[in-house]
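The values are calculated or read from the model by the stated rules, or taken from the named source; none is laboratory data. Everything numeric here is computed off the predicted structure, so don't read it as measured data. Protein only, heavy atoms only, side chains kept; ligands, DNA and RNA dropped before computing areas. Shrake-Rupley method; radii C 1.70, N 1.55, O 1.52, S 1.80 Å.
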Amino acid sequence: MVRMSAEERRESIVRAASAEFARGGYHGTSTEAIARRVGVSQPYLFRLFPGKKAIFLAAAERCVADTIRMFTEASEGLEGEAALHAMAGAYTRTIAERPELLMMQMQMYLAVAAAEQEGDHEFGETVRAGWLRLWDVVHLALGADVGETTDFMAHGMLINCLAAMGFPAGHRVWEGLDPSALLRGAPEG
């Protein structure tokens, strides 16, 4: 059996944590569940991460990085409306195929709101910094047009909410969205 390096093990923990946090949220996910999913002990988990918050923030960073990579790859060589359609289509396909990405995003926003209420601003600083990187990638792909970027991101948040609530593809709530942004892979309503 080949032994994993600490970095490989760290990566497997972030992947497992993303799935666990996506399902249970920050407060509803135990480090024990993450350790069990990876097949390590909790003490080993804490050798690689100083605590649960660090694990969550690493999973949040991964979620943002995956979304940025997806938008970058989808819009490569494209500009303006072509980039917009490519990114919208890639995103809706991705959240249909990998619903944990959508759920992790939603959990990130909830964790920020809850932490801010408790006076903890680290969640917010980290998640907002990632969101700004995402904004910048979209902004550049759309020709640095603030209105287009705002519309794209606003529609993305609407898509997140509709998909998270389980509105099936073909439901009337999707009718006002551009065809490239329509949910794919979901059951018809």
Relative to the longest principal axis of the C-alpha atoms of the chain, give the angle of the C-alpha long axis of helix 122-141, reported between 0 and 90° and rounded to the nearest 10°. 30
Amide H partners (placed H, <5 Å) of residue 169, local residues excluded: 186, 189
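Where only protein heavy atoms count, and the probe is 1.4 Å, what is the accessible area per residue for the chain in Å²? Let's see the in-between values first.
Values: 10090 Å² over 189 residues.
In whole numbers, the chain has 53 Å² accessible per residue.
With a 1.4 Å probe and every protein chain kept in, tell me what percent of the accessible surface of the range 37-184 is carbon plus sulfur.
Working: 4250 of 7450 Å².
Carbon and sulfur together cover 57 percent of it.
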Please work out the Cα center distance from the range 27-46 to the range 123-177, rounded to the nearest Å. 32
